[in-house]
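**Student:** Have a look at this one.
Throughout, read-outs are computed from the coordinates displayed, never taken from laboratory work. What you see is a predicted model; the values in this text were computed from it and never measured. Cβ coordinates were reconstructed from backbone atoms using ideal geometry, including for glycine residues, and neighbour counts include every protein chain displayed.
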């Protein structure tokens, strides 16, 4: 799994990069095949206490479908955590939906 970190209007520090990698590691716990993760960090030049000052976009590439989550927060680290959590939920939901669909088709072929 590759993790790509990009930024706009800011410099990606080692601490930010490490934090993104730690949050991306949570996705590997699902045990699903994840091809790669792209993280786009953006600082919007407004007031420093604006709740939409930092924007994070997580794009998780899974075979068959890409999961994209965008979150905004005052703190960049908090935005990264929220985006990673949202991506975790959506990837898990996608995997469970595929399992349910496979079970339903198997039951239908068994009954016939």
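**Student:** If you check residue 90 against the conditions, is it more than 24 Å from residue 15 (Cα to Cα) and touching a strand residue (DSSP E or B) at 6+ places or on another chain (Cβ under 9 Å)?
**Tutor:** Numbers: more than 24 Å from residue 15 (Cα to Cα): yes; touching a strand residue (DSSP E or B) at 6+ places or on another chain (Cβ under 9 Å): yes.
For residue 90, the condition - more than 24 Å from residue 15 (Cα to Cα) and touching a strand residue (DSSP E or B) at 6+ places or on another chain (Cβ under 9 Å) - is met.
**Student:** Go through segment 32-43 and count every residue that is farther than 16 Å from residue 64 by Cα and more than 10 Å from the chain's Cα centre (by Cα).
**Tutor:** Going residue by residue through segment 32-43, those that are farther than 16 Å from residue 64 by Cα are 38-43.
From what's left, more than 10 Å from the chain's Cα centre (by Cα): 40-43.
Summing the residues that are farther than 16 Å from residue 64 by Cα and more than 10 Å from the chain's Cα centre (by Cα) in segment 32-43 gives 4.
**Student:** Of all the residues that make up segment 69-89, how many are touching a residue at least 60 places away in the same chain (Cβ under 8 Å) and farther than 19 Å from residue 42 by Cβ?
**Tutor:** 1
**Student:** Is at least one residue of segment 53-72 on the phi > 0 side of the Ramachandran plot and either surrounded by fewer than 16 Cβ atoms within 10 Å (Cβ to Cβ) or touching a helix residue (DSSP H, G or I) at 6+ places or on another chain (Cβ under 6 Å) (or both)?
**Tutor:** From segment 53-72, those on the phi > 0 side of the Ramachandran plot are 64; that's our starting set.
Of the ones still in play, those that are also either surrounded by fewer than 16 Cβ atoms within 10 Å (Cβ to Cβ) or touching a helix residue (DSSP H, G or I) at 6+ places or on another chain (Cβ under 6 Å) (or both) are 64.
The answer is yes, given that some residue of segment 53-72 is on the phi > 0 side of the Ramachandran plot and either surrounded by fewer than 16 Cβ atoms within 10 Å (Cβ to Cβ) or touching a helix residue (DSSP H, G or I) at 6+ places or on another chain (Cβ under 6 Å) (or both).
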